Amino acid sequence: MKLHTLAHSRTGDKGDTSNISIIAYRAEDYPLLCEQLTAERVAEFFAGLREPGAAPVRRYELPNVQALNFVLPGILRGGVTRSLALDAHGKCLGSALLDLDLARLN
C-alpha cells in the first residue's frame, strides 16, 4: 500500500534544508507510520537528491497530532533560489514521499 492511503504531507524549506511532515488521516494508523517511516528509510528514499556528506535526516515524532516531521539537510542543493533542479521545493518532495510503499500489517 502507498503512504498516501494513510497520510498527507505538509512541507517547508529554508536554505538547502527541507522538512516534510507526514500526518496520519486516522490516529490508529500513526503507530504504523512510526514503525515504517524511519529517518534511515526516508534518507534512503531521497539518497539520489541529497548533497554528498549532508547531515543525517532527522525524524521528530508529534504524537498529539499523529505526525512525523523529517528534516532533510542538503536536499535543495544550496537552496531553492540557487538550485538548477526544477521543482525542488518541499511540496514536490512531500508528494514524492507519499508514493512510498508501506507493508500492510495483518
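For the range 23-40, taking the residues that are free of Cβ contacts under 8 Å to residues at least 24 places away in the same chain and assigned to a helix (DSSP H, G or I), the one that is farthest from the chain's Cα centre (by Cα) is identified as GLU28. Determine, yes or no, whether ARG59 is in contact with a strand residue (DSSP E or B) (Cβ under 6 Å, 6 or more places away or on another chain), modelled with pLDDT under 95 and not in a helix (DSSP H, G or I). Answer is no for this residue. Residue count for the range 62-106, restricted to those that are modelled with pLDDT of 85 or more, assigned to a loop (DSSP other than H, G, I, E, B), within 22 Å of ASP16 (Cα to Cα) and within 13 Å of the chain's Cα centre (by Cα): 3.
Can you pull out every residue in the range 44-56 that is open to solvent by 20 Å² or more (accessible area, probe 1.4 Å) and either within 20 Å of HIS4 (Cβ to Cβ) or in contact with a helix residue (DSSP H, G or I) (Cβ under 8 Å, 6 or more places away or on another chain) (or both)? Can you show your working first?
Here is the first cut: in the range 44-56, the residues open to solvent by 20 Å² or more (accessible area, probe 1.4 Å) are 44-45, 47-56.
Result: GLU44, PHE45, LEU49, ARG50, PRO56.
Of GLU28, GLU61, all but one fail to be open to solvent by 50 Å² or more (accessible area, probe 1.4 Å) and touching a helix residue (DSSP H, G or I) at 6+ places or on another chain (Cβ under 9 Å); the exception is GLU61.
The values are calculated or read from the model by the stated rules, or taken from the named source; none is laboratory data. Just so it is clear, the structure is predicted and the values come from calculations on it, not from any experiment. Ideal geometry is used to build each Cβ from the backbone, glycine not excepted, and the neighbour counts take in all protein chains shown. For the accessible areas, the whole protein counts, side chains as well, though only heavy atoms, and no ligand, DNA or RNA atoms are used. Shrake-Rupley method; radii C 1.70, N 1.55, O 1.52, S 1.80 Å.
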